[in-house]
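Student: Below you'll find the structure I mean.
Throughout, read-outs are computed from the coordinates displayed, never taken from laboratory work. Remember, predicted model here, so these are calculated numbers, not experimental data. A quick note on method: Cβ atoms are made from the backbone with ideal geometry, for glycine too, and the neighbour counts reach across all protein chains shown.
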Amino acid sequence: MSGRLKKLLGEEAEVKLAEKRYEVISEILPRVLKGEKPLTRSDLIDKALLNKYLGIPIFLALWWLLFRFTFDVSAPLSDLIDIAFSKLSEISSTYIPNEQLASFVAEGLLGGLGAVLVFIPPIFLLFFGLSILEDSGYLARAAFVVDRAMYKLGLHGKSFIPMLLGFGCNIPGIMATRTIDKEEDRILTILVNPLMSCSARLPVYVFIGGAVLGGYAAAGVYSMYLLGIGLAVLMALLFRKAIPYFRGKPSVFILELPMYAMPTLRSILTHMWERGVIFLKKAGTIILLATVVIWFLSAYPWESVHAGSEPCIEASYIGAFGHIIEPIFRPLGFDWRAAVALFFGFVAKEVVVDTFGVLGLGGAEELRQVFTPVTGLAFMVFTLIYIPCLATIGIIYRETNSWKWTVFTIVYEFILAYLLASLIVVIGGSLG
Amino acid sequence: MKVSRRSSRALAGYAIILGSIYLIIGAAEFIAGLWHLLQPEATIAILNLPVDLFGGFSALVIGAAYLGGILLWRGEIESLGFLLVATFLSIVFGLLYFLIVCADGFSTLIATWEGEEWTWEWLTSGTAGPGILRPEIWLALISLPLGYFVIKTTKREKVQ
């Protein structure tokens, strides 16, 4: 039917309908309005922001601005939280007489949870910046300029809005694919959506990048987001070519651009809070629970771990488990602690940082003993791509209603993460 | 509202000068950043400018946006859009680098509370490269008059 219509009309039916609609509008307008067609400030700005050559570079520059704002401006605020948790940890170690309880509070709760909570400032600043871009009307333009490139690659432009939402959290991103009419396009967008770097991954990048990438930390974080977009586009293209189910041209994307507006501080702060509070809730529930489990596994059997003057986490349950899974990650230069962190990151990506905190690797100095700049970057890439978090897997199943696509997402992402991390280690190693 | 030929030429001229400066600075930062990425041991700083790959790229984009306003010279009022966007980018990037310098200062203050000695080093060297001497901060200030004029020109809802 769609093919016959296209043949009859000479182009996609949606495009023809939109064209006709605007034809009717332009016929009516001169009859009811007098004078020249006015050029608004929004029109003028669009001349530059939607420019064929400048549109995408401006989008990239604004994204870079957002990440430097997120990363560098929040640094002293994160330092303050870090100092507060360190002091609390010292106090609890000193004043709690019971050794096991003191270890739980100081190393488990304050060490683990504290390592995650220092990322409140960058996460809130990221949402602050995203809210400005959204409320001003720019994000719709971003979707438009990226669509132009995506459609040339055979992808559905409507996919970009769920992908942009994925920067906040993959769950609303995946749910937003419901706006895509064609089932094949919708499933394809769901499959690549977890590659968009959600805010839960930001703490991992800031944590590892800040410790091992030195002056390139902000660039490292920015690259992760660009890599996420690039991979999502490439994988979608690959799936469309390789999987018969997705073959065919994507349906046309028609987007009505809103007028630019000056965002109000109230709406920006409200949006920032609405999104940021999800992180706080997560910290008080899933991450807290994960902290307790990880601390227990890293502190017991108590006698073995605390046999010497310093606790030996390698002798704990988590140490034993880490050594079992370490061979899988060894080729990437990750030791058992990094392997364990990735394993628990499956619950929620912030738990990666939480695990490092509980394992006593909460500081930059300690992290530099585990990662070199190359393996640190490989770890960041691995975190970006590998298995989505538990909640995202649940939503992928619910939205695709298929175990086949859910398992496919988990498997292809793990393989892709492994391949890219290996590539970084090999290339980085050869460059010295 | 119409922009007189004289005003549009003045605007275009100002934009060409600013755009060229941004392009030179952006190219220098970008090349130095790329060089540093490939040869971390042999860092070069062209004209003492920051070594900043993406920062340089952003400056190049701002420069290109300013130069997009070149057609204003011929009186094409639609080119005002490029100047609007270029001045906006110029000002927000200047503000960003200024905020980063302030954040560096705050970090130094926190370190002082923790027992370290207070220094003024953050003002001229830190996360933003040469601190307050970062050219983009000063270029943002130079862009302000142009931004003011362009906003004033396009203030009325309808530009004809």
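Student: Test of understanding: in a Gaussian network model of chain A with alpha carbons linked when under 10 Å, which of A:122, A:57, A:172 would top the mean-square fluctuation ranking?
Tutor: The residue with the greatest mean-square fluctuation here is A:57.
Student: Let me check against my output: what whole-number percent is the relative contact order of segment A:357-432, with C-alpha pairs under 8 Å and at least 6 apart?
Tutor: Once divided by the residue count of segment A:357-432, the mean separation gives 41 percent.
Student: At a temperature of 37 °C and a viscosity of 0.692 mPa s, determine how fast segment B:1-63 diffuses translationally according to Stokes-Einstein, using the Kirkwood radius over alpha-carbon pairs as Rh; express D in µm²/s, rounded to the nearest whole number.
Tutor: The estimated diffusion coefficient comes to 257 µm²/s.
Student: Positive end of the charge dipole of chain A (Lys, Arg +1 and Asp, Glu -1 on Cβ, about the Cα centre): tell me which of A:105, A:370, A:190 has its Cα farthest that way.
Tutor: Going by the charge dipole, the pick is A:190.
Student: Mind jotting down the distance between the C-alpha centroids of segment A:167-191 and segment A:388-432, whole Å?
Tutor: 17
Student: So, one more: What per residue convex hull volume, in Å³, do the alpha-carbon atoms of segment B:88-127 yield?
Tutor: Considering the Cα atoms of segment B:88-127, their hull volume per residue is 50 Å³.
Student: Considering Cα pairs under 8 angstrom that are at least six residues apart, work out the relative contact order of segment B:1-154 and quote it in whole percent.
Tutor: Relative contact order, segment B:1-154: 25 percent.
Student: Using θ = phi - 60° and the Karplus curve 6.51 cos²θ - 1.76 cosθ + 1.60, what whole-Hz ³J(HN,Hα) does each residue of segment B:72-87 get, with Gly and Pro shown as x?
Tutor: Listing the rounded values in order: 4, 4, 8, x, 7, 5, 4, 5, 4, x, 5, 5, 4, 5, 4, 5 Hz.
Student: Equivalent-ellipsoid semi-axes (√(5λ), Cα gyration tensor) for segment A:268-343, whole Å, largest first?
Tutor: Working through the eigenvalues yields semi-axes of 32, 18, 9 Å.
Student: If you take the beta carbon distance between residue A:325 and residue A:183 as r and set R0 to 45 Å, what does 1/(1 + (r/R0)^6) give as a FRET efficiency, to the nearest 0.05?
Tutor: Given R0 = 45 Å and the Cβ-Cβ separation, E is 0.75.
Student: Pick out, in residue order, every one of the GluC sites (Glu not before Pro) in segment B:1-84 that is DSSP loop and has at most 14 other C-beta atoms within 10 Å; say none if there are none.
Tutor: B:41, B:76
Student: Using only the alpha carbon atoms of segment B:16-160, find the Kirkwood hydrodynamic radius as the inverse mean reciprocal pair distance, in angstroms to one decimal.
Tutor: One over the average 1/r among Cα pairs gives 16.6 Å for segment B:16-160.
Student: Once you mark the trypsin sites (Lys or Arg not before Pro) that are in a DSSP loop and have at most 11 other Cβ atoms within 10 Å, what is the longest gap between them in chain A?
Tutor: A:53-432
Student: Taking loop as defined by DSSP and a crowding limit of 13 other beta carbons within 10 Å, which chymotrypsin sites (Phe, Trp or Tyr not before Pro) in segment B:68-160 fit?
Tutor: B:118, B:120
Student: If you average the alpha carbon positions of segment B:68-139 and of segment A:275-318, how far apart do those two centres end up, in angstrom?
Tutor: Rounded to whole Å, the Cα centres lie 42 Å apart.
Student: Where the eigenvalues come from the Cα gyration tensor of segment A:176-215, what are the semi-axes √(5λ) of the equivalent ellipsoid, largest first, in whole Å?
Tutor: Semi-axes, largest first: 34, 8, 6 Å.
Student: How large, in Å, is segment B:21-92 by the Kirkwood hydrodynamic radius built from its alpha-carbon pairs?
Tutor: Evaluated on segment B:21-92, it is 12.9 Å.
Student: Return the single residue from B:61, B:92, B:101 with maximal mean-square fluctuation; model: Gaussian network over chain B, springs between Cα atoms under 10 Å.
Tutor: Looking only at B:61, B:92, B:101, the biggest GNM fluctuation is shown by B:92.
Student: Hey, got the dipole for the protein assembly as shown? About the Cα centre, +1 on K and R Cβ, -1 on D and E Cβ, debye to the nearest 20?
Tutor: That gives the protein assembly as shown a dipole magnitude of about 3460 debye.
Student: With N set to the number of residues, divide the alpha-carbon radius of gyration of segment A:243-380 by 2.2 N^0.38 Å and report two decimals.
Tutor: Here the Cα radius of gyration is 1.51 times the empirical estimate.
Student: Based on a Kirkwood Rh over C-alpha pairs, give the Stokes-Einstein translational diffusion coefficient of chain A at 25 °C and viscosity 0.890 mPa s in µm²/s.
Tutor: In µm²/s, the coefficient rounds to 104.
Student: Further, regarding this structure: Could you calculate the contour length gain from residue A:407 to residue A:264, that is, 0.36 nm times the residue separation minus the distance between their Cα atoms, to one decimal place in nm?
Tutor: Computed gain between residue A:407 and residue A:264 is 47.2 nm.
Student: Please report the base-10 log of the normalised intensity I(q)/I(0) for segment A:353-432, using a Debye sum with one equal scatterer per alpha carbon and no solvent, at each q in 0.12, 0.22, 0.27 (1/Å).
Tutor: Once normalised to I(0) and log-transformed, intensities are -0.48, -0.98, -1.14.
Student: Can you pull the one-decimal nm distance between simple spin-label points at residue A:83 and residue A:419, each 7 Å off the Cα toward Cβ?
Tutor: 4.7
Student: Which listed residue (B:85, B:59, B:25) has the Cα farthest towards the positive end of the charge dipole for chain B, taking +1 on Lys and Arg C-beta and -1 on Asp and Glu C-beta about the Cα centre?
Tutor: B:85
Student: Still on this structure: When Rg is the radius of gyration of the Cα atoms in segment A:194-285 and Rh is its Kirkwood radius, what does Rg/Rh come to?
Tutor: Radius of gyration over Kirkwood radius for segment A:194-285 works out to 1.09.
Student: Modelled label-to-label distance, residue B:141 and residue A:90, 7 Å Cα→beta-carbon offset: nm?
Tutor: Distance between label points: 4.1 nm.
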